[in-house]
Structures are given as C-alpha cells and as structure tokens.
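One structure is given below, encoded as structure tokens.
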Amino acid sequence: MEKEKDFLKPEYYENRELSWLKFNQRVLNEARDKSIPLLERLKFVSITSSNLDEFFMVRVASLKDMVHAGYKKTDIAGMTAQEQLEAINKDTRALVELQYSTYNRSLLPLLHNHGIEIIDVHEDLTPQQAEYVDHYFQENVYPVLTPMAVDASRPFPLIRNKSLNIAALLMKKEDKKEEIEFATVQVPSVLPRIVQIPSGTEGGRTFLLLEQIIERNIQQLFLNYNVLCAYPYRIMRNADLSIDEDEAEDLLQEIQKQLKKRQWGEVIRLEVEEKVDSRLLSILKQDLHIAQEDIYKIGGPIDLTFLMKMYGMEGGDELRYAPYKPQQVPQITPGEDIFAAIRKGDILLHHPYQTFDPVVDFIRQAAKDPDVLAIKQTLYRVSGNSPIIASLAQAAENGKQVSVLVELKARFDEENNIVWAQKLEKAGCHVIYGLVGLKTHSKIALVVRREEDGIRRYVHLGTGNYNDSTAKLYTDLGMFTCSEAIGEDATAVFNMLSGYSEPLTWNKLVVAPIWLRKRFLKLIKREIKHAQEGKEAFIKAKMNSLCDRDIIAALYEASKAGVKIDLVVRGICCLKTGIAGVSENITVCSIVGNFLEHSRIFWFHNDGQEEIYMGSADWMPRNLDRRVEIMFPVEDEVLMDQVRHVMETQLADNTKANILQPGGRYEKIDKRGKRLVNSQEQFCEEAKAAVPKKANVYQERVFIPAEPVN
Amino acid sequence: MKITTFAAIYIGSYEVSMKVFEIRPGRKIRQVDYVRSRLELGLDAYSKGVIGYELVEDLCQVLKEFRSIMDGYKVDTYKAYAGNMLRTVSNGLFILEQIRIRTKLEVTVASNSELRFLSYESMAASPAFEKMIGQGAVVVEVGGGSMQITLFRKGTAVTTQHIELGIMRIWEKLSKIRNMVSHYETQIQELIDKELEIFKRLYLEGQDIKYVILMGDYIGEMVKGFSKKQGDGAIESERFLKLLNKWHKKSPKDIAVELNLVNENDPLILPSVVLYKRLTEEMNADFVWVPGVSIDDGIVCDYAQKNHMIRFLHDFDQDILAASKNLAERYQSYSGHTDSVLSTSTAIFDAMKKVHGMDKRERLLLQVAAILHDCGRYVSLTNQFVCSYQIIMASEIIGMTDLEREIVASTVKYNSLPRPPYESLRDKMDKDSYVVVSKLTAILKIANAMDRSHKQKFENIKASLRGKELIITIETKENTVLEKGLFSAYVEAFEEVFSIMPKIKEKRVF
C-alpha cells in the first residue's frame, strides 16, 4: 500500500494544461518545418490559433471559475488553479510570440517569394490598390457596419465573444473642450476576412485584411468627428458550458438557454495590436474589467485563423500536399451488399486512409433493406448535412424502428445538434437526448436484421465520430462485425442508453463509466503479474490524451515491475518518462502530422495470449468517469495483425514523431542513418496498394438475358 | 424452418422486464433482447394496498415502450404476466384495464403457484437441473412478496412450501423500526429465522441435500464474481457463505458498489444478502447453484412446450404425483386403498376416453384427487370431506394452478358430499371446471365404492366401453356383497354425468 502511494507524488505528474500547451507547440513546430509545403504551414499556424482560442474559452475559463470560487485543491501535479493560470500565462505568451515570429519572419517572406502578399498595414497600399479598397469598402463593407459610440447616455456595448472589433478614439470637430470619445465597431463576420486586391506585380496575388479596409475608411463612420486613432482588438469570454443537470427539467431547453447566455461570460483575454494607443487600451481595460496580465499585445494581425482561408485559396496547388483520396476498403465493394461482406468476417476500417463510405453505406442500405427491423446509433458531432442523418430519417419513414442517441453536450456544436435532432424526431425516429450527468461519447451503430435463420445483428464500432467530413481529416479505426456476442452487447448498450437497467453481464464490450476504468486497471495489473513472474510483459497503447492519475500510477507500477510500455499520445500527457525507479520502462511519442491522430488502441501482451482493444475513450478522468464510452476487443486474428501493424508503424515513425524526453520536452528523432518512416504517408501508400485491381471491364462483361417475371 | 419470435413480459414487484426470443423447432430457444425497468410497484402494493397513479402511469409508459420494441422485432406473439401483487391491490382490475387500453397488451395476473411453476420450468430446461435434483436438492425462489421452497428427492418434488417472506416484504415489515435499531441486519435475520425454523423442522429433518438452487433478484450479481465453478456451474456453499458473511457486515452502499448496482442506496440489498445467507446456511447443502434464469425464460418455455415446439427432459407430471403422494403420507392417509382407488379410477378414465372428452391433464387431476381423497381423516373422521378440501387447498403442489387445485379439492369434497348446483360454486370456478369436477367426482365415486371395505377384494380390474355401458371386469375370490351393494348407489350419479351405465362383471377366481 505504501508503495502505491509513492506513485502518486505530484512531482511525477505534469500539469495537463501545460502539457496541452506543449502539444500546441508541436503543432506550431509543423508550421516551422521547412520540408512542409508553404500553405500547409499556414494551416498549422491557423490550427494553433484556433486551438488556443478553444483552450482559453474552456480550460482557462474553468480555472478562472475555480479561482473565483476560492477552490484551493491542487491538481495531480500539485498546482493550485492560481498557480496554473500563472504558468499558462507565461507559456501562452511564449507560444504566441513564436506564432507571430513564425508568421512574420518565415511565412510572410516565403509567401512574398511565391508572389503572394498579405498587406497588414493599409498605409502600404499603392494608390491604385487604395482606390480599389475604398470602392470595396463603399460597396460591400459600409452597409453592414454598426459603429457604436460610448458616452454618458450610451453605455459600453456588448462585445461578442471571439469577434474582431476596431476601437477608435474620436474628437468632435470644432470641439473647444477637446473631449475624447470612445467608439467601437465590429469587423463583420459575414464578410471574408481576407480580400484579394489588385496586385502590384505581374501574376502576383495580394491580399488585405478586412479590418485594414475598415481602419482605412474609419473616418467615414464618424463624419462629425476627427478620428484620433483606431486599432483592432478581440476578446475571449468564459464559455465553458456547465449545466446543473439535476435542476434542468428539460435538458434541451436548458442548453438553448445556455447558448444565449454564453456571450455574456466574463472576459478572460484581450488581444490588442502591439502599437495600440495607451489611452484607448486603458478605456478597454476598464470597461471590459480585465486584468493587466490577461492583455496580450500582438505583433501582427489578430486572430490568425484566417490563414485557413489562405490555405484553401484557389491556385497555388504546388504549395500544398496533393490531396489524398481515401481508398476503397478491400473487403467492401462499393454498391454491393455490405451485410453479405460483413457476414464473411469482421472488417477493419482505417480512416482517412480508407474511405468512410462503407459506414455511410451501412446505414443507407439498412434504411432501404426490407429485412432490416431496427437501426440504432449514437451521434456526436455530426456534420449538418450528413448523409447518415438523411438515411436514418428515411429508415424511420420506411417503418423501421430507429433509435438515435444525440449528444447535446458536445462542446460548441449544440445549436447544430438540436436542429437535426428535431428533424429526426419529425421523421419518426426515437431520439434520446443523452443521459443526465453523462456525456455519451461512444461510437456505435447497430442494425438488426431478420434473416432466414433468425435475427442477426450487425454492429459498427469505432474510435471516431460518425462525421463524414472529419473522417477525411482524423485518423480513426472502425470495425464491422456480426458477432453474436458483440451484437447482444450492442443491444444492451442501447437498452441502457434508453433508460433500462444495465445488463447482468457483458459478453465482449467494456462500457464506461461503470466498468471501463476497472478493466483497464485489471489489464495493467495482469501485465505486472506476468512481469513479476519473469515472463515477457508489454503494453502498447495509442490515444489522444493521458491524464488519469490512477492509470498513470498503475503504469508507473508496471514500469517498475518491468513491463515494457510504449505509448503514442497525441495531445496531453501528464505522465513523465525516465523517472528513476518509476517510469524508466515507459516511452511516449506524439505524432503530429497532416491528419489529426484520433484512433485509440490498447494492446496487452498477456503472456502471449494477446488482447487488443479499441474504443472511444482516452485515459482521462472525464472519459473513464463521466462519459458513456465503449471499448471493444479485436479478436479476429487477421484484424489483430492489421491493428498491430498500425501500432508498430506509428511507434517506428521517425519523421512526424516527437519523443517525450525525461525533462518533459518533446524532441524529434535524429533521423541520420535511419530509414525514414512517416507513418501517415506509409498508411496512405498501403491503402492504395490494398485496393483490389479492377479487372478489365470489357473482358468481364457478359450480357445477361433477363429472366421472365412471374 | 419456421421461426417464432416471442416476447415474454413480466411485471414484478420491483421490476418490469421483457425478453424477446426466437423459438426454432428442435433448437435451443434463443434470447434476442432483454430489457428491464425498475419500478417499485410492490412498495405501494404491500404498504398501501393500492398502486398509486404515478406508478401506474410509469408502468403504462414502460409497457408502451416494450410494445414498440416488440413491434420493432415484429414478434409473432407474446405473453404478459403480472405478479400476485396486482391481485392483492384494490385497483388491480383497473390497472389491467388501463394497460389494455393504452398499450394493447393483455396482461394475465398469475397466481403465486403459476409464477413459481414458470420459473421452475425455465430452470428445468437446463440439463444440470435433472442431475442435481436426482441427488437431492432444494429450490428456493425468492420473490418480492414471498418465496417458495421446493424439496426434491430422487429426481421428483417432495414438497413445496410457500412462505410469505420476500425481499420487499421484509424491507417493508421492518421499515418502521429500521431507524431505531443499530443492527438492522440482526432484525432481518430474526424475522427470517422465525419463518425458516418451522420449515426446517417439518421438512428438512433427515433429508440429505446436496444442492440448494437459488433464484431471485441480486443473486445473479452476487455470484458473478465466482470464476471457479463446478462443471455444472455450482459453487461450494462454503465459498458462497464466506462472501455473504463478508458483505453481511458492510453497509448497503459498499455492497452496492461491489455488485456494480446502479442504485447505490438500494434498500433491498441488505435484506437480500441476509436472506440468501440464512437460506444457504439452513439448507446445509454442499453446493449452491444459481441458474441465472428469470420468469421471462419460464414464460417462453411454457409457451413453447404448450405449442409443442420444445420438449422438456423433466417430467412435471411425475412431480405432481410424487408431491401428492408425499402429502397423503404426511396425513397418514396413504394405503392400499389409495392405490386401489388410483388404479381403478385411472382404468375407468382411460376406458371412457371417447365419452368424457377429457385429456391428459384431467387424468392427472383425477389421479391427484384419488391419492388425496382420504387425507382429511387425519383431522376428523366424521368431517373428513371438508377437512380434505381444506388440506388440499392449503397445500402447494408445484405445477398445479390455483384453479386446478380447486378442481382437485372439490372433486375430493363432492366425492362424499352431495354436489351442489353450479350457482353456489360460481365464485370458485367457471362452468367448464364445474363440469370437470362433476365428471371426475363421478369416476372417483365408483372407483372408491369398489373398495368400500378397504380390503382390495378385487383384482385385475379392467374397464371397457360397450355401447351405452361401461363394463368393469373384476377378478375376486372374496365376498363382494358390500361393494356391489354400494356400487349401485353411485351408478345414478355416473349415468347423470356421462349417460353411461357402469356395470360390474365378476370373474370368480378360485
């Protein structure tokens, strides 16, 4: 018992927020990687920027809440909320610094070399360009602007969360008293942030930011005033949506209410341009009630997410990776009976290397199949015009029993979810709006089909959401099976989600929040036992985040017992490697590549009787304790080998992998003298090679005479 | 091959459940779905005597959902049973009506004995069961309001006792004092011990019991942790008790956590632990077996068996006969005379098959009536008919419904007493049953009369139908004046019922 306590020492753990910032740093490093095409690098800058926004709105906001509430408990690394905020502030500033120096010093000059200009100061415009811009302002921008002045009768207006604004100091023309007034105008989000303007050079392209167009013409908004100065700024508000579910009579209504309230949250970050006028800043500071340490002076355009638009601009294909087309899954021929394919054996899907179409097809075919009795599915973060939703609605109209669990608590997507949830309900689906107190994060789809020899259940289990657009960007694993044991469990899962009592036993699936944590600990303990008996013992696992104290402590214990542990953790990792006597046998690598690593694999050696699981859960307290998650075993030998290959290739990656060093730093692998392995690229190639060769259509073609119809 | 999709619904005292099955002739019944919804109907039923409208509302809602699940599977047919508490509450009829109107489900309120038989059937579908009862076993079925203990010896049921002690009832009985005592579990134990003590003294003395078979709620969860089991799935009692003793001292919350129960403050968990513990201790068996079946399984077995889709290994009729014999022996009324009446009446029944239109089941009831027809003498020699009736009505015979028990008891009663007109019995049975009673009585009377002296003077009794006459051929070497004389007194009653004249044909044997 004493020993177990030892593994819980705060110094053995990394704070999760700081670890997250390191992850964002790794993403930013991709933007600094010279071997990557230029526009791809812009994309990574944009991602770090939007990541940081979400991080502030959710994590920093909740730490602020803790400080306000006087919450004194420390995290696993022994830090109080206040200490964490201070550390975050420091690291964020360094990150932002690096972000802008990358943008200003590397990317802008490189863009210039390729004939692309982003003008971020309107004073730099040529007269010809200036004329174009003014015209553009009059035609497109001016009509949608709403300037707001602040004085005794007009209080400080509500500044919307994450919106870009321009603040100006004004003085009334012919005012003897020289009284300075404050005004603000929102940069309209309905207009594109970047505007292409005529280029000075032949064949070149020039862009100007929308706020610059407004700034240049700001005088037009305040005709009776002299504009002393004008600077863009942006605020971030507390947006963590925590609903007290015990009080919420109707979850749906509550969320709709919260959505409206979110904009009123406390301001937790203010971004202003570096050269901002100090009088202007002090007015902002006072009216937004923001502390000095939460003000970020930015040396460039505020909110770099516009770079994603740059990435998507027309032309410049040579500055991007060639688009990758997800390949056909060898076992599933498009257009043919997917159920027949599944009956031949379990099928593994590896997205985005392999196409997501079979999953969409699975539901589409089920909706039309007269033998299908029921379709049940969990949906979480689904794209708005998803073909899956259309198929589910159609299935219900075709008289099938359709149950859909719609998770409304998915961060930031609520409004979107409510709309299509209601659409499904109208079509006659039985829609379950999540469970009180638990987020349903599991990804499972069940089709019940009446066949000649009785009812057969087809199940799709996955590590990623049923979202056909993210399936092109996130790496995920999925499995089709018609195993009776898993089918029974799948039915039980949906019964449980519909509010019936949990089943007495589970055959194969392991379900959080009740059983998953225990199972993981048991699996780790078993490896410890094998190691202690002198047998080979290892754990190889891949996930997005690792920050659960109990699991980490168990891993430390296992490492100490001699279990070899190799982890691929993309994001947060609170585990520290290389602590003498604690974690010497653990390696952690993080792969940040063109696709977002999202799959979860848990591979236990179990003295040769290997067990491989996949699932929707990370090793995070929220996944293990507050969510409905499903972990499923991969039992088919062929599939096990496929998953092993995925895991081994990722562990062998030396191009995109960052290795966690004993000091807590992530470093790329020294590639000298090694065969280069880029796991994501390798998977792309392998997926292409695996597609069955198309037989020559002309030789194969046989015209089949139609049979007389009885 | 035709597959029948069947739904079994059971409304219990604290749970409403439904199982969907696929029945394929000649194959094992396959469970397709199982949904359970916790609904504490018993709480209202046992404490207030009426089920409140909120609960009725919830019940209808759950059943409506069940209905839609059934529709989803396109089930061919279903059976829905409700526990006895719907009969005991004053608004039971209206609840059934509500269910019928709102969910289109026809719910049968099963009597206690029927329910127990259903779960018994589900258990008997397992091959391990046959082996265990061959070696001596006690089956304990714990319900919300009561429990039933059946003792098996050499493969057949010896006795069945119904004890008004269920998990919910224990909790309810002690609810007033729960907060006044520090050792709640001791109070539970005392309550249980009192009831078990009598059973043990009456039935368990000198019995060698190898297995105790436990059925009921929570028991499945309790034995889930045992990975090491016997080949037949049984667990050594010692290990089982060790576990229960450990829990015994814990708080309900801790137990709930160990059992992975959803409701951490489940008030019923402690009574269950104490009850199972005491039962196992008192039965003193070597092994505990938890078959892990529910009434829903019994419902489907019963349906499939009645529709000739499956056949049981176990002969339930033998249980009924054996239990009846045991009952007769208990009241010292089993004799040569009983055997004689049994064989004569059976012979008459078989000979008359074409005329009486009754089937196997009524034949069994006749046999039970024959076996038990004298049991009342134990209480009173003059008023034995009424006493026999009372004894039969107060005894559980596993496999017999309440109505069947009434038929047997009435057959015995009117064997000697004049049969009243239907109108005065209509509160006890329907018309068809009344006719059955009349027929059985007529046969029993004749069979009884033929051994009036209780000396088994007739041998090789044979019966055959010839036109409008029933010829009963006998062999005898003794004076049969008494029998023959009295026989004619019953001829009329027989004729009245069957329009057949019974005649004795005597073969003298020297």
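The values are calculated or read from the model by the stated rules, or taken from the named source; none is laboratory data. Worth saying up front: this structure is predicted, and the values here are computed from it rather than measured. Here the Cβ is made from the backbone with ideal geometry for all residues, glycine too, and neighbour counts use every protein chain on show. With ligands, DNA and RNA removed, areas are computed over all heavy atoms of the protein, side chains included. Shrake-Rupley method; radii C 1.70, N 1.55, O 1.52, S 1.80 Å.
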For the stretch B:73-115, just the Cα atoms, rotate onto the principal axes and tell me the three extents in Å, largest first. 34, 24, 10
I'm a student and want to see the number: the projected area of the Cα convex hull of the stretch B:429-502, averaged over all directions, in nm². 5.4
Taking a ≥ b ≥ c as the square roots of the Cα gyration tensor eigenvalues, with a/c under 1.5 meaning rounded and otherwise prolate when a/b beats b/c, else oblate, which class fits the stretch A:80-205? oblate
Among A:A390, A:P326, A:P705, whose Cα sits farthest toward the positive end of the charge dipole of the protein assembly as shown (+1 at Cβ of Lys/Arg, -1 at Cβ of Asp/Glu, about the Cα centre)? A:P705
Cα-based Kirkwood hydrodynamic radius, the stretch B:51-133, one decimal, Å: 14.6
Most packed first (mean Cβ within 10 Å per residue), the peptides A:394-405, A:610-621 order as A:610-621, A:394-405
Taking the radius of gyration and the Kirkwood hydrodynamic radius from Cα positions alone, what is the Rg/Rh ratio for the stretch A:142-206, to two decimal places? 1.15
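Quick check on packing: order B:315-328, B:460-473, B:342-355 by the mean number of other C-beta atoms within 10 Å, highest mean leading.
So the order, starting with the most tightly packed, is B:315-328, B:342-355, B:460-473.
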Suppose only helical runs count, i.e. DSSP H with n ≥ 4. What mean residue ellipticity at 222 nm does that imply for chain B under -39500 (n - 2.57) per run, divided by all residues and rounded to the nearest 500 deg cm²/dmol? -15000 deg cm²/dmol
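Expressed in nm to one decimal, what extension gain is obtained for the pair B:Y378 and B:D402 from 0.36 nm per residue of sequence separation less their Cα-Cα distance? Don't jump to the answer; show the numbers that get you there.
Working: separation 24, 0.36 × 24 = 8.64 nm, distance 2.33 nm.
Computed gain between B:Y378 and B:D402 is 6.3 nm.
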Any chance you could list P(r) for the stretch B:371-446, counting all Cα-Cα pairs in 10 angstrom bins from zero, rounded to whole %? 20, 54, 25, 0
Given a 1.4 Å probe, the accessible area of the protein assembly as shown per residue, as a whole number of Å², is 44
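Ordered by packing density, taken as the mean number of other Cβ atoms within 10 Å over each peptide's residues, highest first, how do A:436-449, B:289-302 rank?
Working: A:436-449: 21.8, B:289-302: 24.3.
Going from most to least packed, we get B:289-302, A:436-449.
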Could you state the per residue volume, in Å³, of the convex hull enclosing the Cα atoms of the stretch B:106-202? 126
How big is the gap, in Å, between the Cα center of the stretch A:66-90 and the Cα center of the stretch B:123-137? 64
Can you tell me the 0 to 90 degree angle between the C-alpha axis of helix B:336-351 and the longest principal axis of chain B, rounded to 10? 80
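Roughly to the nearest percent, how much of the accessible area of the stretch B:163-220 is carbon and sulfur, given a 1.4 Å probe?
On the way: 1420 of 2990 Å².
Heavy-atom surface of the stretch B:163-220 belonging to carbon and sulfur, 1.4 Å probe: 48 percent.
If the convex hull of the alpha-carbon atoms of the stretch A:588-697 is projected onto planes in all directions, what is the mean projected area in square nanometres? Intermediate values should be presented prior to the final figure.
Numbers: hull surface 44.9 nm².
Average of the hull's projected areas for the stretch A:588-697 equals 11.2 nm².
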Beyond 28 Å (Cα-Cα) in this structure, taken from A:K309/A:K671; A:K472/A:K540; A:K443/B:K2; A:K518/A:K576; B:K428/B:K503, we find A:K309/A:K671; A:K443/B:K2; B:K428/B:K503
For the stretch B:443-499 and the stretch A:329-357, what is the separation of their Cα centres, given in Å? 79
For chain A, any Cys whose C-beta has no other cysteine C-beta under 4.7 angstrom counts as unpaired, and these are A:C229, A:C429, A:C482, A:C573, A:C589, A:C684
What whole-number volume per residue, in cubic angstrom, does the convex hull of the C-alpha atoms of the protein assembly as shown give? 260
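Just the number, please: carbon plus sulfur as a percent of the accessible area of the stretch B:339-478, 1.4 Å probe, no ligands or DNA/RNA counted.
Values: 2900 of 5960 Å².
With neighbouring chains kept in place, the figure for the stretch B:339-478 is 49 percent.
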Quick check on chain A: helices-only [θ] at 222 nm, where DSSP H runs of length 4 and up contribute -39,500 (n - 2.57) each and the sum goes over total residues. Nearest 500, please. -10500 deg cm²/dmol
In vacuo Debye scattering of chain A, one point per C-alpha: log10 I(q)/I(0) at q = 0.05, 0.09 Å⁻¹? -0.29, -0.91
Could you tell me whether the stretch A:1-84 comes out rounded, prolate or oblate from its Cα gyration tensor? Rule is a ≥ b ≥ c as square roots of the eigenvalues, rounded for a/c under 1.5, then prolate if a/b exceeds b/c, otherwise oblate. oblate
What average number of partner chain Cβ atoms lie no more than 10 Å from the Cβ of the residues making up B:22-34? 3
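For the stretch A:319-366, what is the convex hull volume of the alpha-carbon atoms per residue, in Å³?
Working: hull volume 3.7 nm³, N = 48.
Looking at the stretch A:319-366, the number lands at 78 Å³ per residue.
Enter the mean number of other protein chain beta carbons within 10 Å of the beta carbon of each residue in A:495-508, as an integer.
Working: counts 6, 2, 0, 4, 5, 12, 11, 4, 3, 8, 4, 0, 0, 0.
Going residue by residue through A:495-508 and averaging, the value is 4.
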Ballpark to the nearest 100 Å², how much total accessible area do B and A bury together, probe 1.4 Å? 2200
Give the shape of the stretch B:1-113 as rounded, prolate or oblate, defined through the alpha-carbon gyration tensor: a ≥ b ≥ c are the square roots of its eigenvalues, a/c under 1.5 means rounded, and otherwise the shape is prolate if a/b is larger than b/c and oblate if not. prolate
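Could you work out what % of the accessible surface of the stretch A:91-184 is carbon and sulfur, using a 1.4 angstrom probe and leaving DNA, RNA and ligands out of the count?
Numbers: 2560 of 5200 Å².
Heavy-atom surface of the stretch A:91-184 belonging to carbon and sulfur, 1.4 Å probe: 49 percent.
Reported to two decimal places, what Rg/Rh ratio describes chain B when computed on Cα atoms with Rh from the Kirkwood expression?
Values: Rg = 25.3 Å, Rh = 25.0 Å.
Rounded to two decimals, Rg over Rh is 1.01.
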Dipole of the stretch B:405-510, positive direction: furthest Cα of B:N448, B:V491, B:F458, with charges on the beta-carbon: B:F458
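First obtain the Kirkwood hydrodynamic radius of the stretch A:284-431 from its Cα pairs, then insert it into the Stokes-Einstein equation at 4 °C and 1.567 mPa s, and state the resulting D in µm² per second as a whole number. Intermediate values should be presented prior to the final figure.
Values: Rh = 19.3 Å.
D, rounded to a whole number, is 67 µm²/s.
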From Cα coordinates alone, what are the radius of gyration and Dmax values for the stretch B:259-333 in angstrom? 18.5, 53
Euclidean distance between Cα centres, the stretch B:348-376 to the stretch A:525-595, Å: 75
